[in-house]
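Just so you know, all these numbers are worked out from the coordinates, no wet-lab data involved. This structure is a prediction, so every number in the text was calculated from the model and none was measured. Reconstructed Cβ throughout: ideal geometry from the backbone, glycine too, with neighbour counts over all protein chains shown.
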Protein chains: 2
Amino acid sequence: MKRVRILIKPKEGLLDPQGRAVEEMLRDNGFNAQHVRVGKLVEMEVPKGEDVKSIVEKFIINPLIEDYEIEEL
Amino acid sequence: MKRVRILIKPKEGLLDPQGRAVEEMLRDNGFNAQHVRVGKLVEMEVPKGEDVKSIVEKFIINPLIEDYEIEEL
């Protein structure tokens, strides 16, 4: 088996209301945070030869609004 | 400024209903995914000297139920 990590973020240029909310909250509390983006993280174990890309694109992300990266842990 | 990535996961041993749901859905679709965990990802730009650890622990995670890692991008 191999353990993989999938990092899922809103597509660049799309509105990121969660990111905006976190940015405003941090600024209200005196922190100079900028370009805050909030996404999802999925980690799992799959058989070594598994095609993780197709799993992600078919079942885990919404390709219209999300980009992703796959890391092998 | 520096760009940081915060990886937030449910604490080990705590129930992860989202992870369980994704695992079952993938298995129902014929994939042998195991130990699926679902968390959050926050990326942001902060001044170089900023204490990201305290930002995260005070404002971004729930320390009772979440663990986190900080990566500098």
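Odds and ends about this structure:
- Summed over segment B:40-54, residues that are at the interface with chain A (Cβ under 7 Å from one of its Cβ atoms), under 15 Å from the mean Cα position of the chain (by Cα) and within 19 Å of A:ARG27 (Cβ to Cβ) total 3.
- For the residues A:ARG27, A:ARG37, A:ARG20, A:ARG5, the requirement of being among the basic types (Lys, Arg), within 27 Å of B:ASN32 (Cα to Cα) and out of contact with any Ser or Thr (no Cβ under 6 Å at 6 or more places or on another chain) singles out A:ARG5.
- Test for B:ARG5: is it more than 7 Å from chain A (Cβ to nearest Cβ) and of a type in the set (Lys, Arg): yes
Table: residues versus (1) buried (at least 18 other Cβ atoms within 10 Å of the Cβ); (2) in a strand (DSSP E or B); (3) touching a residue at least 60 places away in the same chain (Cβ under 8 Å); (4) more than 11 Å from chain A (Cβ to nearest Cβ).
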site	(1), (2), (3), (4)
B:GLY30	no, no, no, no
B:VAL38	yes, yes, no, no
B:PHE59	no, no, no, no
B:PRO63	no, no, no, yes
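- Residue within segment A:8-28 that is part of a strand (DSSP E or B) and more than 10 Å from every other protein chain (Cβ to nearest Cβ) present: yes
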